[in-house]
1. Compute, for the range 94-160, the length of the dipole vector about the Cα centre, with Cβ point charges of +1 (Lys, Arg) and -1 (Asp, Glu) only. Units Debye, rounded to 20.
2. Over the range 38-107, with a single point scatterer placed on each C-alpha, what log10 of the ratio I(q)/I(0) does the Debye formula yield at q = 0.12, 0.19, 0.26 1/Å?
3. Simple spin-label model, 7 Å along Cα-to-Cβ: Val47 to Arg144 in nm?
4. Please give, to one decimal in nm, the separation of the simple spin-label points placed at Asp100 and Glu136, each 7 Å out from Cα toward the Cβ.
5. Computed over the Cα atoms of the range 119-204, what is the ratio Rg over Rh, Rh following Kirkwood?
6. With labels modelled as points extended 7 Å from the Cα through the Cβ direction, what inter-label distance (nm, one decimal) is found for Ala127 paired with Arg185?
Amino acid sequence: MSAAPSRRLIQRLRRSLRPVALTCWAGLLPVVSGAASLEVCQVCHGVRGEGNPALHAPALAGQQRGYLERQLTNFRTGRRGADPLDVNGAVMRAQAWALDPGNFAALAAAFSSLPVAPAPSGGGDAARGKIRYQAECAACHGLRGEGYAQLGTPDLRILDAGYIAAQLEAFRRGWRGATVDDGARDQHGEWMRAVAATIGDPRDPDDIQAFLAEQR
């Protein structure tokens, strides 16, 4: 084997092992409970839950309460963030392991009750995004992207374009919503994975988000 392939193999192994290391590290952390749990979340998601695109941390303020609680549980149980290639998901999974699951409901309620900071448009074509959104997303997420608590679908209007694009890619690749035979199923993720397969034009995430940004 030549030297170049060997270096590429090492790089791939490092990328694959990073999430594993993060998950193992999280298992050694003390459980964070009470008000400290909120402070841990605010490091990446902002004091007001406004999110931080540079850290791939979505806005949480005003999000569906049940959705937030379910995602914390999904990260902790491995329904989300367990794929070796999902580096950002693995970071969040490590955080979920460091928190007391008994606080998940209170954390979800705290962020859900915060005033929404509307996400700025990522610069896409809102008119085209409206067409794509209505065709692929509105049935589950509402005509304006507000989400439905009874369906467990999140409010999309608060999310930045980069996060939307990253999650669509995660669904398409199976990092989210993959069907497993011997583990906990993410049924909502499985539904979304089927939808994401139909949103393949590289313009779609920015255009859809530009439309959603106008709905607040």
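Every number in this text was worked out from the coordinates using simple rules, so none of it is lab data. Since the structure is predicted, the reported quantities are computational estimates derived from the model, not experimental observations. Heads up, the Cβs are rebuilt from the backbone with ideal geometry, glycines too, and the neighbour counts pull from every protein chain shown.
1. Details: 5 positive and 6 negative charges, 54 e Å.
Once rounded to the nearest 20, the dipole reads 260 debye.
2. -0.28, -0.74, -1.38
3. Calculated label separation equals 3.0 nm.
4. The two pseudo-label positions are separated by 4.2 nm.
5. Numbers: Rg = 13.2 Å, Rh = 13.6 Å.
Rg/Rh for the range 119-204 comes to 0.97.
6. 4.3
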